[in-house]
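Everything on this sheet refers to the single structure shown next.
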């Protein structure tokens with residue numbers, strides 16, 4: 001990250017130093033850059049939105065955060081807290097550094113629904129949503145998520161395979177998810193057979 005995006009990241013850092021959100025954000029930004037390169041979209045909207053999308057988790061006690069996402073996460077109220085508060089924090093950070101006000105509006109609109117909104121508002125929103133989900137398929141995501149959810153990596157990987165067809169908005173993200181999944185399967189292998197004792 002260079003220049004303005006680095007400044008946004010440094011302002012966001014105190015808010016994303018919860019759970020593993022610094023590494024999550026960094027990996028998600030790297031996926032966003034790949035999607036921007038192949039799908040198009042506006043870097044000046046996508047990258048700040050990607051950097052800031054999870055700043056609102058700072059407003060949710062860490063011991064409650066896992067209720068809101070993941071294989072068993074369904075607490076939509078907690079999920080909405082991090083989106084709504086995140087949009088407020090994002091606006092504050094972007095205004096503080098003097099970011100373009102018109103872009104701030106679009107960025108905050110993306111942040112406020114990046115998890116709960118089931119449809120993408122725009123290509124920029126689709127890229128943010130896709131990059132956020134692609135993290136789970138990454139090497140870093142596979143080190144973090146099975147441990148945090150207390151799920152064997154192979155079982156988690158099998159669950160992820162069932163999400164590819166329904167999670168992604170862009171063709172590039174689907175392709176990347178399949179390739180990342182293939183790479184993780186080389187390490188974690190298939191899950192144990194149903195009913196296998198251990």
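The values are calculated or read from the model by the stated rules, or taken from the named source; none is laboratory data. Computed from a predicted structure; not experimentally measured. Neighbour counts are summed over all protein chains in view; Cβ atoms, including those assigned to glycine, are modelled from backbone coordinates with ideal geometry.
Exactly one of (1) without any contact (Cβ under 8 Å) to a residue 60 or more places away in the chain; (2) assigned to a helix (DSSP H, G or I); (3) surrounded by 18 or more Cβ atoms within 10 Å (Cβ to Cβ) is unmet by residue 169. Its number?
Result: residue 169 passes all but (2).
Can you tell me which of 87, 68 is buried (at least 18 other Cβ atoms within 10 Å of the Cβ), modelled with pLDDT under 70 and either assigned to a helix (DSSP H, G or I) or out of contact with any strand residue (DSSP E or B) (no Cβ under 6 Å at 6 or more places or on another chain) (or both)? Walk me through it before giving the result.
Working: 87 fails: modelled with pLDDT under 70.
Being buried (at least 18 other Cβ atoms within 10 Å of the Cβ), modelled with pLDDT under 70 and either assigned to a helix (DSSP H, G or I) or out of contact with any strand residue (DSSP E or B) (no Cβ under 6 Å at 6 or more places or on another chain) (or both) holds for just one of 87, 68, which is 68.
Output the number of the condition that residue 182 fails; it satisfies all remaining conditions of (1) under 22 Å from residue 32 (Cβ atoms); (2) surrounded by 13 or more Cβ atoms within 10 Å (Cβ to Cβ).
(2)
Quick check on this structure: which one of 135, 57 is touching a helix residue (DSSP H, G or I) at 6+ places or on another chain (Cβ under 6 Å), closer than 20 Å to residue 181 by Cα and part of a helix (DSSP H, G or I)?
Matching residue, one of 135, 57: 135.
Among the candidates 96, 158, 140, 85, single out the residue that is under 13 Å from the mean Cα position of the chain (by Cα) and in contact (Cβ under 8 Å) with a residue 24 or more places away in the chain.
On inspection, the qualifying residue turns out to be 140.
Yes/no per residue for (1) over 22 Å from residue 30 (Cα atoms); (2) surrounded by fewer than 17 Cβ atoms within 10 Å (Cβ to Cβ); (3) at pLDDT below 95:
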| position | (1), (2), (3) |
| --- | --- |
| 129 | no, no, no |
| 152 | yes, yes, yes |
| 162 | yes, yes, yes |
| 175 | no, yes, no |
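Here's the yes/no breakdown for (1) over 28 Å from residue 64 (Cβ atoms); (2) within 14 Å of the chain's Cα centre (by Cα):
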position: 120; (1), (2): no, no
position: 129; (1), (2): no, yes
position: 136; (1), (2): no, yes
position: 162; (1), (2): no, no
position: 171; (1), (2): yes, no
position: 181; (1), (2): yes, no
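On the basis of being farther than 20 Å from residue 142 by Cα and either crowded, with 16+ Cβ neighbours inside 10 Å or in contact with a helix residue (DSSP H, G or I) (Cβ under 6 Å, 6 or more places away or on another chain) (or both), does residue 43 make the cut?
So residue 43 fits the description; yes.
Does residue 98 meet the test of being on the phi > 0 side of the Ramachandran plot and surrounded by fewer than 19 Cβ atoms within 10 Å (Cβ to Cβ)?
So residue 98 passes the test.
Go through (1) exposed (fewer than 14 other Cβ atoms within 10 Å of the Cβ); (2) in a helix (DSSP H, G or I) one by one and return the number of the condition residue 124 breaks.
In the conditions (1) exposed (fewer than 14 other Cβ atoms within 10 Å of the Cβ); (2) in a helix (DSSP H, G or I), residue 124 misses (1) alone.
If a residue has to be outside any loop (DSSP other than H, G, I, E, B) and at pLDDT below 95 to count, how many in the range 102-114 make the cut?
Residues in the range 102-114 being outside any loop (DSSP other than H, G, I, E, B) and at pLDDT below 95: 1 in total.
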